[in-house]
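Presented below is the structure to which this report refers.
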């Protein structure tokens, strides 16, 4: 499977329910960035599993859900989508990643007392 074979959606096709801390039923937004990137800012309804930890944490990903995978700009998320699709998950890459998320004005939250930002 090549990068062009990976199912991808633009930010505008990611359910707006991920803009809140209560994600939509039947869907997950999986953020595969590193912990320091997550701490700077992330989508309110996302779950965080760094790319390297995905194989060990498959129980945290709902195999029956539509899984939207996001990273900073799309490189890591494409690789995770390839892996998840190979083992039977319905996964799609979020084109442009969290940079596009912030650029389109979708909400970003941070852990701690600093202002959330992606770039």
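The values are calculated or read from the model by the stated rules, or taken from the named source; none is laboratory data. What you are looking at is a predicted structure, and each value in this text was computed from that prediction instead of being measured. Note that each Cβ is placed from the backbone with ideal geometry, even for glycine, and that neighbours are counted across all protein chains shown.
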Answer residue from the stretch 94-113, given it is surrounded by fewer than 17 Cβ atoms within 10 Å (Cβ to Cβ) and on the phi > 0 side of the Ramachandran plot and is modelled with the highest pLDDT among those: 105
Would you check if residue 56 is in a loop (DSSP other than H, G, I, E, B) and more than 15 Å from residue 118 (Cβ to Cβ)? no
Taking the stated definitions as given, is residue 47 within 12 Å of the chain's Cα centre (by Cα) and either surrounded by 13 or more Cβ atoms within 10 Å (Cβ to Cβ) or outside any helix (DSSP H, G or I) (or both)? yes
Testing residue 68 on (1) outside any helix (DSSP H, G or I); (2) touching a helix residue (DSSP H, G or I) at 6+ places or on another chain (Cβ under 9 Å); (3) without any contact (Cβ under 8 Å) to a residue 60 or more places away in the chain; (4) surrounded by fewer than 20 Cβ atoms within 10 Å (Cβ to Cβ), one condition comes back false. Which one is that? (4)
Give all pairs with beta carbons closer than 7 Å in which a residue from the stretch 88-101 that is without any contact (Cβ under 8 Å) to a residue 24 or more places away in the chain meets a residue that is crowded, with 24+ Cβ neighbours inside 10 Å and in a loop (DSSP other than H, G, I, E, B); count only pairs at least 6 apart in sequence or on separate chains. none
